[in-house]
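The values are calculated or read from the model by the stated rules, or taken from the named source; none is laboratory data. Not measured: the values here are computed from a predicted model. Cβ atoms come from the backbone with ideal geometry, glycine included; neighbour counts cover every protein chain shown.
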Amino acid sequence: MMLLAWIAVIGMPLYYVVWAYWFPQPYENLGLRIFGIVLCLPAIALRHQIPKRWLTAYFFISLTYIAPFFFTFMFLMNDGSPVWGQSLLIAVIILFHFDTTLAFLSYLTGTMFAYFAFAALHGGLVPPSFHALEQWPIQLFAIVTVSIAKVGRKVLAQEKLAGMATALATVSHELRTPLRSINANARGLSRLLQENAVPSSPSQVPMEKALARIEFEVRHMNNVIDLFLLSASTGRENLVATDIVSMTAAVDLMMQRYPFVNQEQRDLVAITVRSDFRLLGQTELCSMVLINLLRNALTSIQRIGKGRIRIVLDGARARPRLLFIDTGSGIEPGRTEQIFERFYAYPEHNGTGIGLAFCKDVLSAWGARIRVVSRPLGYTIFVLEFPPVVQQKAAEMRSLLN
């Protein structure tokens, strides 16, 4: 959206000068260009203030006006001139770099309204000129080519992910063996230290903390390996819901499994169960999703040295939900959508950038959704919402199992 807006704001006045004065064309319309600029300015100046429920409609209207409507109308009014034929072709190519379904709807809508506007100015339905008609096969070829190229990029991305999964599987196998050895030795040393403990020894406590830290890092690395392997998977078959999961039990499991540094860190987490609910999912994956959210929240608190975490289970709503709230560093405006993109780390160089993408993939596979509301240096709230049908299916499965 931002890229399209800047192209329109800069290109509309610039090419008005080009086609009106430097290389004059039969027809120009400054009013249509100014309207296009005004339409795109909110995407630059007020993008974060536009309510999300209106954002999709606003984007569709802007895209339709700037690309297919404006260029098709100018193409028709200039009698299919080569200049506007090429300009329209470029607009179509840009348009179909967006989502294919959105682009087709925008193309059809914009072209139809452009022709109606053209016909209205000519006092009735006027067939396009031969020069105009001979451009349509070229446009169709461009649409098909760009669409095929997009499919090819998706296939290539899947192949890359498949290769990544294979490489990670090999690497993880090689990593887990020394990690198990390190963990076993750390535990052995901890037991030996306790058995031969000297009450007044000044080195006792630092040694215990060092060994506890080693065990923490080993558990963390094993979790990261699991997350990499699941995130690199090209299919969703391993995410399919197979269990009836109690959210209270999943939260308890998260608290048991998370490698807290000490009791003080554990005490930062408060759990409020307004109403438990069940969902169709996988216990292990649900635990990994929650552990990832908890790790992010604790990192946010550590980043600024203050804050607490509250987890709220609210199953009595029409859409049962879990709230993950922390009062840590927060997220900057405009980054709340990007954080769910694969390999996007926030802040930059902080983590792998796959955790939240993994969470979103898992929840989407279960028919649930995740969104975030945040204020910098104030709070971050992750909202996990589950469809009512999940509750109904869970009840049916429980009755069958009983």
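Residues checked against (1) at pLDDT below 90; (2) within 21 Å of Glu28 (Cβ to Cβ); (3) of a type in the set (A, V, I, L, M, F, W, C):
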| position | (1), (2), (3) |
| --- | --- |
| Asn78 | no, yes, no |
| Val83 | no, yes, yes |
| Ile93 | no, no, yes |
| Thr101 | yes, no, no |
| Leu105 | no, no, yes |
| Ala114 | no, yes, yes |
| Phe118 | no, yes, yes |
Within the range 81-103, how many residues turn out to be surrounded by 15 or more Cβ atoms within 10 Å (Cβ to Cβ) and farther than 20 Å from Gly11 by Cα?
-> 2
Residue in the range 369-387 that is at pLDDT 70 or above, touching a Pro at 6+ places or on another chain (Cβ under 7 Å), assigned by TED's automatic domain parsing to the domain that holds Gln302 and surrounded by 21 or more Cβ atoms within 10 Å (Cβ to Cβ) present = yes
Any residue in the range 244-259 that is charged (D, E, K, R), within 22 Å of Leu363 (Cβ to Cβ) and crowded, with 18+ Cβ neighbours inside 10 Å?
-> no
Six or more apart or on different chains, Cβ under 8 Å: which pairs go from a residue in the range 262-284 that's assigned by TED's automatic domain parsing to the domain that holds Asp314 to one that's at pLDDT below 90 and among the basic types (Lys, Arg)? Could you list them?
-> Arg278/Arg398; Leu280/Lys393
Would you mention how many residues in the range 301-313 are surrounded by 21 or more Cβ atoms within 10 Å (Cβ to Cβ) and either among the charged types (D, E, K, R) or touching a residue at least 60 places away in the same chain (Cβ under 8 Å) (or both)?
-> 2
